[in-house]
Amino acid sequence: MAATDNPILRVDGLQMRFGGLTALDNVSFTAGEGEVTAVIGPNGAGKTTLFNCITGMYRASAGRVSFAGQDISGFAPHRVARAGMARTFQNLALFPGLNVRDNLLVGAYRHGASGLIEGAVLGPRARREQAAAEDRAAEILEFLGIPELAEAMPGELPYGRQKQVEFGRVLMQDARMILLDEPMAGMSRPEKTLMVALIRNVRHRYGVSFLVVEHDMPVIMDISDHIVVLDFGRKIADGPPAKVQQDPAVIAAYLGSEEAGQAVFAGAA
Amino acid sequence: MTSVSTSRTAMPIDEFAPSAPARQKAAARPLRWLWLAVAAAVLVYLPFVLHDRAILGYRLSNIQLLNVGLAQLNLTLIAVLGAVSLNYLTGCAGLVSIGHAAFFAVGAMAAAATGAQLGLPFLVSLVAALIAGAAAGVLAGLPSLRVRGLYFVLSTMALHFIVVFAFSEYQYAAFDVFGISYPQPAIGPFALDSALKWYFFLLPIVVLCCLACNYSLKHREGRALLAVRDNEQAASSSGIDVRVLRLKAFAFSSAIASLAGALQAYYLTTVSTELYSLNLAISFIAMIIIGGMGSIAGGVVGALVWLLLPSVLTGFAGELGAAGGGLAKIFVEHRPQVVNLIFGSLVAVLLIFAPGGIVGAARKLTKLVRPGAEA
């Protein structure tokens, strides 16, 4: 299996406890370079907690995370980002006071080095970085098909558009791996189709690896190379979509009964 | 991935695309320069009008000059520095501080130590104030690493009292109870010995500081500051070290406030510890709320309103009183109270009907009048 041959992300025995509650219990898996790895599971299975532990938002109680050959366990979020991992958030995290272009420009932060003062006195490095980031933002807005929205404020846009803007900011980071936390949640069917196309496009053109949490089963079965299934903080299955889909433990955990589960997964097959 | 190549064959999503109004930025350029030229001409001519109490040879009455004098305008310019720097910290970096008067005190102390005690040149003591302010700012920002919200605000208040205490100890030890006296400031052979000279010294400093704040917000780290204010999680997952950036913002803002404090001390020639009250700190907060949070213009407008409006109102109240009538007696006998009442009501009305401050309200208006135009 490719995921184990060439892993970009290796999660090893990750554990997260909140007081008496064990949100993640000894979770281990790998995600292959250039692949789309999905993390699925019922509500409260620990998917977002897993994301937060990997990206440094939470400090795991135990376990290790290594990314692109580097041990990033215990890294603060900004260091994880600088290591080349980008993420989106379940409930959208844009900067409401900044227009769409500026939202994207923040994504270029890690490529620059100029400071507050350099910007204040229009230092050459600050201007160079600004120009480079602006060009890149224009390219990405073009790529997303929304160049006309550069000046718009995020609050004026429909939800699906805002998700695209957030995706655009993540693309600005030029990350090796992108973590998407429910990228399709709250989207209409055509918006979902578009998002799937975007993910595919980015992955195939630039070899970016994805780790995706998503509830839409047909979409997951469609785009993933590899699926990790969580239930009550434990990993209960791990493998290619076809195999996971058949797994009786997954079906039972997911829907309480094997028959009901099969009905849901049938839509994806 | 290294770059997203510009493929014109973007995603097939035109079905969603709203037709955005075409922007005529290029057409707006010459008009912009014209406005700038007019503003510059007014700023240069204004002090002469106030100095001569006349415009183009025509004498103006006090009320025609809105009861404003040149000395007041100079103090307003200094207050603009305070308001703009606080707006940078509070409106742009999202850190509410009631320690801003303390940075004025730090600047005055740095100027006293270098200018009054060591006898160093005026400009050197201004630089000393900048450095002392930045250092004090980093110290003041340290609690932001651990506490937030109201607790952080309280930590800035603690800073205020510590600095004021240090100021009075320093004042009594090195000077006397009447205050610290500053030497005559001079730049080389040019002494700043009149309000008019001060105006032309202060104006470029204020303009440059406003431009610096504005430019920094339009580049990498300044924009990151706005991002941190809007969404800390998203900012940190974009690679921004929120804690270090906040300290930098604090240093930047307090350096400017401290410079303003040194300028104020020199301008007033004598300052005493009572000047740096909590009232002063809160008045800076009032300025940025009135003017508008999060924009440089908001700080400028807020300082202008806060420092000049009471005097304008006093002038009109005096006129009304002189004109006689029923209300006249009240105006004459209770002028300060009446002015405070009107001023307070104005601020309250502004807060209720224009929570974005004067600048926010003006932007809304321009959007209404010219939809599609950039406010």
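The values are calculated or read from the model by the stated rules, or taken from the named source; none is laboratory data. It should be emphasised that the depicted structure is a prediction, and the values quoted were computed from it without experimental measurement. Ideal geometry is used to build each Cβ from the backbone, glycine not excepted, and the neighbour counts take in all protein chains shown. These area figures cover heavy atoms from the full protein model, side chains too; ligands, DNA and RNA do not enter into them. Shrake-Rupley method; radii C 1.70, N 1.55, O 1.52, S 1.80 Å.
Remarks
- Taking label points 7 Å from Cα along the Cα-to-Cβ direction, B:TYR172 and B:TYR45 give a separation of 5.3 nm.
- Span-like helix check, chain B: qualifying full DSSP H segments, with Cα axial length of 24 Å or more and mean Kyte-Doolittle of 0.5 or more, are B:25-52, B:70-87, B:122-141, B:150-174, B:195-217, B:242-268, B:296-323, B:335-353.
- For the range A:1-156, the fraction of 1.4 Å probe accessible surface lying on carbon and sulfur atoms is 46 percent.
- Residue separation of B:VAL124 and B:LEU208 scaled by 0.36 nm, minus their Cα-Cα distance, works out to 28.4 nm of gained length.
- Net charge dipole size for the protein assembly as shown [Lys, Arg +1 and Asp, Glu -1 on Cβ; Debye, nearest 20]: 1140
- Residue-averaged 222 nm ellipticity for chain B, from DSSP H runs of 4+ at -39500 (n - 2.57), nearest 500: -22500 deg cm²/dmol
- Chain A, accessible area per residue, ligands and nucleic acids excluded (1.4 Å, Å²): 37
- Short-range pairs are left out: with C-alpha atoms under 8 Å and at least six residues apart, the relative contact order of the range A:97-174 is 55 percent.
- Delta accessible area of at least 30 Å² on complex formation, residues of the range A:101-128, 1.4 Å probe, chain isolated as reference: A:VAL106, A:TYR109, A:SER114, A:LEU116, A:GLY119, A:ALA120, A:LEU122
- For A:LYS47, a cut-off of 17 angstrom between C-alpha atoms picks up these lysines, skipping any fewer than 8 places away in its own chain: A:LYS235.
- Choice from B:GLY356, B:GLY149, B:GLY179 showing the highest fluctuation, given a GNM over chain B with Cα pairs closer than 10 Å: B:GLY149
- Probe 1.4 Å, all protein chains present, accessible-area order of B:LEU46, A:LEU105, largest first: B:LEU46, A:LEU105
- Per residue, the average separation of C-alpha pairs within less than 8 Å and at least 6 apart gives the range B:62-369 a relative contact order of 32 percent.
- Around the amide H of A:LEU24, modelled in the peptide plane, lie the amide H atoms of A:MET16, all under 5 Å away and 5 or more residues distant in sequence or on another chain.
- Fully extending the segment from B:VAL38 to B:ILE55, taken as 0.36 nm per residue of separation minus the present Cα-Cα distance, adds 4.5 nm.
- Less than 5 angstrom separates the built amide H of A:LEU230 from those of A:ILE40, A:GLY41, A:ILE236, all sequence-distant by 5 or more or on a different chain.
- Which of A:VAL121, A:LEU104, A:LEU141, positive extreme of dipole for the range A:97-174 (C-beta unit charges): A:VAL121
- Using heavy atoms of the protein chains and a probe of 1.4 Å, the accessible area assigned to B:ILE289 is about 60 Å².
- Lys, Arg +1 and Asp, Glu -1 on Cβ, resulting dipole of chain A about Cα centre, debye, nearest 20: 680
- Charged-residue dipole, Cβ positions (Lys, Arg, Asp, Glu), the range B:62-369 about Cα centre, Debye nearest 20: 920
- Relative contact order, percent, chain A [alpha-carbon distance under 8 Å, six or more residues apart]: 25
- Residues in the range A:135-144 carry Karplus couplings, in order, of 4, 5, 4, 5, 4, 6, 4, 5, 4, 7 Hz; the curve used is 6.51 cos²θ - 1.76 cosθ + 1.60 with θ = phi - 60°, and Gly or Pro positions show x.
- Gaussian network model of chain A, Cα within-10 Å springs - most flexible of A:MET221, A:MET187, A:MET16: A:MET187
- Per residue, in Å², the accessible surface of the range B:270-358 once ligands and nucleic acids are set aside, probe 1.4 Å: 50
- Lysines with Cα under 23 Å of B:LYS367, excluding same-chain neighbours fewer than 8 positions away: B:LYS25, B:LYS218
- Estimated buried accessible area (total), pair B and A, 1.4 Å, Å² to nearest 100: 4600
- In plain terms, the chain from A:VAL121 to A:ARG17 could stretch by 32.7 nm, reckoned as 0.36 nm per residue minus the Cα-Cα distance.
- For the range B:222-251 versus the range A:230-256, the spacing of their alpha-carbon centroids is 40 Å.
- Taking a straight Cα-Cα cut-off under 19 Å and skipping sequence neighbours fewer than 8 places away in the same chain, the aspartates and glutamates within cross-link reach of B:LYS329 are B:GLU319.
- Residue among B:VAL332, B:VAL106, B:VAL271 with the largest mean-square fluctuation in a Gaussian network model of chain B, springs linking Cα atoms under 10 Å: B:VAL332
- The portion of the accessible surface of the range B:236-375 made up by carbon and sulfur, rounded to a whole percent, is 70 (1.4 Å probe; DNA, RNA and ligands excluded).
- Furthest towards positive pole of dipole, B:VAL359, B:LEU320, B:TYR151, structure part chain B, Cβ charges: B:VAL359
- Selected from B:VAL42, B:ILE205, B:VAL349, residue furthest toward positive end of dipole (the protein assembly as shown; charges at beta carbon): B:VAL42
- Here A:ARG205 and A:GLN90 are evaluated by their C-beta separation; at R0 = 25 Å the FRET efficiency comes out at 0.45.
- Backbone amide hydrogens, once placed in the peptide plane, bring A:ARG87 within less than 5 Å of A:LEU179, excluding anything fewer than 5 places away on its chain.
- Neighbours of A:SER28 by Cβ distance under 10 Å: Lys/Arg scored +1, Asp/Glu scored -1, total +1.
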